[in-house]
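S.K.: Have a look at this one before I ask anything.
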Amino acid sequence: MKLLLRIIFAGAIAGGLLYFFWFKSKDSNSVISDTVTSEKVDMSSTMATEGSTMNYELIPRDEIYDDNDSLARATLQVIKERYKMYFESFVKDLRTSNIQVVFCWLTTEIGDSETKVQKVGKKYIKELCAANNVIFLDFSEIFMPYKPQDITYMPVDGHLREKGAELVANAMAKVIKQYTNSKSTQTFPDAGRPALFGDFEPNLDEIRDGGKNLPYRIKTNSQGLRMDYELTFPKKKQRVLLIGDSGFFFPFLDNDKTGTAKIQAIFPDKEIVNAANWGYSIDDYVTLWNERAKYIEPDIVLLQSTGDDIADQFFSHRLKYSRNKENIKPTDIEKAYYKHYSDMQMGK
Amino acid sequence: MTQEEVLAHVTEIFKTVLKKEQLSLTPETTAVDVEGWDSLTHVMLIDAVETHYKVKFKLNEVIKFNNVGDLCACVIKKLSA
Amino acid sequence: MLFTSFSFFIFLAIVYVIYWSLVKFRKAQNILLLLGSYFFYCAAAMPQNKIAKLLFNFRFDEAWYSFLKGFDESKWHMLQLLLLLWLSSSFAYFMGKTIGRQKKETTRKWLMALSATVHLGVLCYFKYFNFFVQSFVDAANTLGWQIIFSPEHILLPLAISFFTFHVLGYTFDVYQETYEPADDYIDFITHVAFFPQLVAGPIERAGHLLPQFTNKRTFNWERMESGISQMLWGFFKKTVVADSIGKFVTYVYANDATSSGSNVILATLAFTIQVYCDFSGYSDIALGCARLLGFELLKNFNFPYFSTSLTEFWRRWHISLSTWITDYLYMPISFNKRSWGKWGIVYAAIISFTLSGLWHGAQWTAALWGLMHGIVLGYEVLTKEVRKKWSQSVPTVLYSVCSAVLVWLFWGLSQLVFRSGSITKLNALWARICSESLFTMPYFSSVKDGLMWGGLLFIVEWIQRKKEYGLDLQNTNYMIRWTAYAAIIVIIFSSDNLNNQNEFLYFQF
């Protein structure tokens, strides 16, 4: 009898734990699902696409830009096209509402540290902007006179320090002044507006360090945006929206030290809003815009992107970092390149 | 000197140093058995014993004392040398 | 290789299975542990090293390929590290045998001096070379001499402070004839490299650990359960409590010029919780892990924050280090100065603790931390009778609680000194405390999780204070035990901190 009780109890405990772990593995943000899916090569991925049971762990980057590899060239073409598609649909959307869009080329990989990804990307994006009549703002010139350690957290990390953020803010202020009378024509009814305009957890106040031991304090408002006040409607001041990846997110800086805050300090009569986030690429800006950010009703949109966003369009990167992982479907050329790339990693 | 005599003297010395009115030591007594006898007072006790008998211990002798009995035996050895 | 990483689990599981299947072959078991420990050392010592990263992720074919592919820096660094550990332990074994054979006192003394010089010399070179030269240069510069010094890039080998003290202690014991020289070479170098205690203690003694290697192992289910539960408890402390607090503390201390005084105080007190959970958590994992393999390591923490005096504190905090310092530094010095009476003890305490501070880090703040402790310990020795009278004139509970709080606050103050890392930063932080920002609201929201778990921890450990460790449920009903284990597992794996592993604080030693 006692033994039976013991067995039943053990079963209950084991059952509870199993349920807990099963539940956790469903949450893709949890480290357990990471462990479950990424540690053992033979297991089929829960993030598999279209019936494929392969686990796409590798993320090629510079290799795609190899001119001597014909498969790479074809793949590069594919991802460039994808970037173009998103870019143009985004710009078109903004234009229909009379929103002034400015493209911001913001990277600290300049001069001697300019990578091929950035070189190729810059040329392509510059052409894209020209073809679509979008202003191309190049921030490389303002960074040139400085040593990397003075404006970024190098050698630990390449993101901007407060000094770098200040430089960015001053340059952007000049541009914003030019469009100070710009006004968007699109408004939304209050009923249709979502509760969140950004992808951050609302009402956050915590210290993060991004895994680099560079802690910073991040605060968000109830609307999921990294700001210290709430946005009200109908708007009474001109609204400027910054959208992009970690370059515009200003990691490792407290709210009041980010570029956003510095621009806000220069323009107390405007509302400077930032919806940028780590690891986003062009497809994320578009989906974020459509689902949430457009309801902010900005008059000016500063779109920050770099050559990295083109490289990020490779499907295995999107599978890991996109805000819409579930809808990523690789093309055949990309799948072929993936196999080719992983073969290279084994043999090389 | 016999071990009992040495033990009796040592007990008195311990009582003085540790400021105790009552104390009973046997050859098997160790530091854990006596309240107040710790690494801090240990050295003071050794010093007091040395002064009383006018002998000098060496560090590697003191280290080998596992109990009061070892201390007494060492004293006797030094006195008869 | 972090103790709380998935790879370590796999490593441990593999070693465990092979190890116990070889239970009849003691020699083979030891060799397995030796190889496993050297493998572990490589993976743990150089997390940024390319080859180590591959080993750590079990990509053996790639690691082997990288290793063969020509003479690159990663390979060289790794070899240097292994060589250092191996040579250090081999040298100690050899010296142990040599000293043991010698009968003449003067020769023994010279051999001991040689041994100490080599071991400490190596330690000092790797750890303190830059520090000493820089300090000399700074002093010279203030006196007017212009000396340019660019610090040599000396990579501090992981664990060097730990295994150096381990083998040095062994050599002292042989010299003082309190331990027989080790007979078996493999057993000896294995016990030095034994991975649970290699990288952050406890600092073992040959007398305690080596016999466990020369004896046969026996499998025991209770010990397995105890080992796992202690590991779980360590994981809980480290990932749930310590990591919740770490970011806030780093944030406040990094912004030493602008953090509010109240934040500095909150961060410092929170840091006392973090450092306890981090370090004792690690020790729990080490002890639990060793127990799974049939070994008992030295108890390193005994609920230190329940101490009612600093003297008691040092019998409960980092016990393996304080006993090492007591046996090999404090004893000789205090014995030497025994004619000074109480002042000899004070003198010995101050020197021992200041040096112990330096062991923790090559900074003046570390030495200052040690000095502070030495002085207060001296104070306690000199005021023993007075304090006894005080304790008898007030209710015991009141006295104990007040004493414990005072000890904890003093510890917090010394941690402020230690954590600041440099005298300039210390001054900056102190200036913040003495400014009006002291009266502003600190960022409680950033540490509320950590503090809440810390509070729970305090309660559990208070209830368990007579036990070996917080989750020691040896004689309790199985229902309570299993529920407790399940609860801890759920708590650990629910924690957000698992995503962002922070290095154990004591790894840098």
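S.K.: Ranking request for peptides A:12-20, C:6-14: highest mean number of other beta-carbon atoms within 10 Å first, then the rest in descending order.
M.R.: Details: A:12-20: 13.2, C:6-14: 15.4.
Those peptides, ordered most packed to least, come out C:6-14, A:12-20.
S.K.: Go through B:56-62, C:278-284 and give me the packing order, highest mean Cβ count within 10 Å leading.
M.R.: In descending order of packing, they fall as C:278-284, B:56-62.
S.K.: With all pairs of different alpha carbon atoms counted, what Kirkwood hydrodynamic radius in Å does the stretch B:3-80 show?
M.R.: 12.4
S.K.: GluC sites (Glu not before Pro), restricted to the stretch A:195-278: which are DSSP loop and have at most 10 other Cβ atoms within 10 Å?
M.R.: Sites meeting the loop and neighbour criteria: A:GLU230.
S.K.: Another one. Which entries in A:LYS92/A:LYS183; A:LYS325/C:LYS237; A:LYS219/A:LYS262; A:LYS147/A:LYS257 show an alpha-carbon gap greater than 25 Å? Write out the running numbers ahead of the final one.
M.R.: On the way: A:LYS92/A:LYS183 16 Å; A:LYS325/C:LYS237 34 Å; A:LYS219/A:LYS262 16 Å; A:LYS147/A:LYS257 20 Å.
From the list (A:LYS92/A:LYS183; A:LYS325/C:LYS237; A:LYS219/A:LYS262; A:LYS147/A:LYS257), the Cα-Cα distance tops 25 Å for A:LYS325/C:LYS237.
S.K.: Here's something else I'd like to know. Using a cut-off of under 18 Å, list every residue of the stretch C:371-401 whose amide N is near the label point 7 Å from the Cα of B:GLU21 along the Cα-to-beta-carbon line.
M.R.: So the set is C:385-386, C:388-390, C:392-393.
S.K.: Another question, if that's okay. How many Cβ atoms of partner chains, on average, are near each residue of A:255-267 if near means within 10 Å of its Cβ?
M.R.: 0
S.K.: Related question: Return the calculated 222 nm mean residue ellipticity for chain C, to the nearest 500 deg cm²/dmol, obtained by summing -39500 (n - 2.57) across DSSP H runs with n ≥ 4 and dividing by the residue count.
M.R.: -23000 deg cm²/dmol
S.K.: Quick check on chain C: what are the equivalent-ellipsoid semi-axes from the Cα gyration tensor, as sqrt(5λ), descending, whole Å?
M.R.: Listed largest to smallest, the semi-axes of chain C are 34, 30, 27 Å.
S.K.: Then there is this: Rounded to the nearest 0.05, what FRET efficiency do B:LYS64 and C:ASP184 have when you use their Cβ-Cβ distance and R0 = 25 Å?
M.R.: It comes to 0.50.
S.K.: Still on this structure, I have one more. Measure out, as a whole number of angstrom, how far apart the alpha-carbon centroids of the stretch A:158-182 and the stretch C:168-212 sit.
M.R.: The stretch A:158-182 and the stretch C:168-212 have Cα centres spaced 62 Å from each other.
S.K.: If R₀ is 22 angstrom, what is the calculated FRET efficiency for the pair A:ASN203 and C:MET452, using the beta carbon separation as r and rounding to 0.05?
M.R.: Details: r = 18 Å, r/R0 = 0.84.
It comes to 0.75.
S.K.: Using the C-alpha gyration tensor of the stretch C:160-222, what are the square roots of 5 times its eigenvalues, in whole angstrom, with the largest one first? Don't skip to the answer; put the middle values down first.
M.R.: On the way: eigenvalues 79, 50, 20 Å².
Listed largest to smallest, the semi-axes of the stretch C:160-222 are 20, 16, 10 Å.
S.K.: Please give every one of the lysines within straight-line cross-link reach of C:LYS103, meaning a C-alpha to C-alpha distance under 27 Å, and leave out same-chain neighbours fewer than 8 residues apart.
M.R.: Partners within reach: B:LYS56, B:LYS58, B:LYS64, B:LYS77, B:LYS78.
S.K.: What does a probe at A:SER89 reach in the stretch A:285-300, counting residues whose amide N is under 12 Å from the point 7 Å along Cα→Cβ?
M.R.: A:285-291, by backbone N distance to the label point.
S.K.: Moving on. Using a simple spin-label model with points 7 Å from Cα along the Cα→Cβ vector, what separation in nm is obtained for C:LYS24 and C:TYR478?
M.R.: Spacing of the two 7 Å Cα→Cβ label points: 3.0 nm.
S.K.: Right, another one. Report the label-to-label distance for A:ARG323 and C:TYR65 in nanometres (one decimal), using points 7 Å from each Cα along the Cα→Cβ vector.
M.R.: 3.8
S.K.: Stretched out fully, how many nm does the piece from A:LYS177 to A:ASP67 gain, at 0.36 nm a residue minus the Cα gap?
M.R.: Gain on stretching A:LYS177 to A:ASP67: 35.4 nm.
S.K.: Taking only the C-alpha atoms, wrap a convex hull around the protein assembly as shown and report its volume per residue in Å³ as a whole number. Display every interim value, and only then the final one.
M.R.: Numbers: hull volume 219.5 nm³, N = 938.
About 234 Å³ per residue, rounded to a whole number.
S.K.: Follow-up. Looking at the stretch A:63-311 from every direction and averaging, what is the projected area of its Cα convex hull in nm²?
M.R.: With every direction weighted equally, the projected area is 13.4 nm².
S.K.: Per DSSP helix of 4 or more residues, -39500 (n - 2.57); summed, then divided by the residues of chain A. What does that give at 222 nm, rounded to the nearest 500?
M.R.: -13500 deg cm²/dmol
S.K.: Hey, can you rank B:17-23, C:80-86 by average C-beta count inside 10 Å, highest first? Mind dumping the intermediate values first?
M.R.: Values: B:17-23: 12.0, C:80-86: 17.0.
Peptide ranking by packing, descending: C:80-86, B:17-23.
S.K.: For C:LYS384, go through the lysines and keep the ones whose alpha-carbon is under 27 Å away, minus same-chain ones fewer than eight residues off.
M.R.: Qualifying lysines at Cα under 27 Å: B:LYS15, B:LYS19, B:LYS20, C:LYS337, C:LYS342, C:LYS466.
S.K.: Set the Förster radius R0 to 35 Å, insert the Cβ-Cβ distance between C:THR396 and B:ALA8 as r into 1/(1 + (r/R0)^6), and round the FRET efficiency to 0.05.
M.R.: The pair C:THR396/B:ALA8 has a calculated efficiency of 0.50.
S.K.: How far apart, in nm, are the 7 Å Cα→Cβ label points at C:LEU79 and C:SER135?
M.R.: In this crude spin-label approximation the distance works out to 3.5 nm.
S.K.: At 222 nm, what value in deg cm²/dmol follows for chain B if DSSP H runs of at least 4 each add -39500 (n - 2.57) and the sum is divided by all its residues, to the nearest 500?
M.R.: -18000 deg cm²/dmol
S.K.: What order do you get for C:ILE99, C:ILE265 when you list them from fewest to most C-beta neighbours inside 10 Å?
M.R.: Details: C:ILE99 23, C:ILE265 18.
Placing the least packed residue first, the sequence is C:ILE265, C:ILE99.
S.K.: Pull up the cross-link candidates among the lysines for A:LYS122, meaning alpha carbon to alpha carbon under 20 Å and not fewer than 8 places away within one chain.
M.R.: The reachable lysines, counting only those whose Cα sits under 20 Å from A:LYS122, are A:LYS80, A:LYS84.
Quick note: the coordinates plus some simple rules give every number you see, no bench work behind them. From a predicted model like this one, the values you see are computed outputs, not experimental measurements. Cβ: placed from backbone, ideal geometry, glycine included. Neighbour counts: every protein chain shown.
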